[in-house]
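Structure, as structure tokens:
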Amino acid sequence: MTRRALVTRPREDSEGITRALESRGFSVQIEPLLEIVIERGVSLPLNGVQGFLATSANGVRALAANLDDRSLPLWAVGDATAACARELGFRQVESAGGDVEKLAALVSGRVDPRHGALLHAAAGKLAGDLSGRLGSQGYEVRRVVLYEARTATALSPSLIAALEGELIDLALFFSPRTAATFATLAHAVGCQDACRPIAAYALSAAVAGELATLPWRVVRTAAKPEQEALLAAIDQGEWP
């Protein structure tokens, strides 16, 4: 029988992981636990800016929706965010290959704060304090809220049916917020025991921590917070 994987990412971010899972023989059920709402027509404070900071692909999309000139450098938190920037026409893109800490380290090693400010395309809620880390090193970081990530308020009927029918073999979680949302909503509809046959895969230890209230068959964590590392963990998994 074909194994089924649950992807909980926003729909905008699900295409690449869906293709990767399908190439491994999984069928994929997408359940976006976050809806991305982009602000448009924002007047960006670009005077004196030497480059951009992007901590998610959604930040890149929101920046591109409000910016015509994409010639300035862009420093991205990870490879997927960097790839999105290149696809949207940003000409100078560099990836930190990890998390906010690595992005701050990349910028501090590459960028002279005397040459201008950095504009951070951000969401209303942030994971990590990039502005604080760089600000303590003399950088001016202009954080502009360009999108909002709204959490789901209920699991879809199709997902509830799949859980109750034990049709899900593994579930992928990419952020603490989506993991916490899933746990809350599963408890709300009494589906927690339906998680017992499922292997949960978390992008980081923080994500895995939010899954701890549910009785998964196993919880596995990626070796580093990147999609390829999460897929490697799935490749190494034991399947009944």
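Would you say LEU6 is over 26 Å from LYS102 (Cβ atoms), out of contact with any helix residue (DSSP H, G or I) (no Cβ under 7 Å at 6 or more places or on another chain) and buried (at least 21 other Cβ atoms within 10 Å of the Cβ)? Criteria met by LEU6. Taking the numbered list (1) free of Cβ contacts under 8 Å to residues at least 40 places away in the same chain; (2) surrounded by fewer than 21 Cβ atoms within 10 Å (Cβ to Cβ); (3) part of a strand (DSSP E or B) in turn, ALA105 passes all entries but (3). Can you spot a residue in the stretch 94-102 that is crowded, with 17+ Cβ neighbours inside 10 Å, of a type in the set (Ser, Thr, Tyr) and within 13 Å of the chain's Cα centre (by Cα)? No, the stretch 94-102 contains no residue that is crowded, with 17+ Cβ neighbours inside 10 Å, of a type in the set (Ser, Thr, Tyr) and within 13 Å of the chain's Cα centre (by Cα).
Bear in mind these aren't lab numbers, they're just calculated from the coordinates by the rules spelled out. Just so it is clear, the model here is predicted, and its values are computed rather than measured. Positions of Cβ are generated from backbone atoms using ideal geometry, with glycine treated the same way; all protein chains shown enter the neighbour counts.
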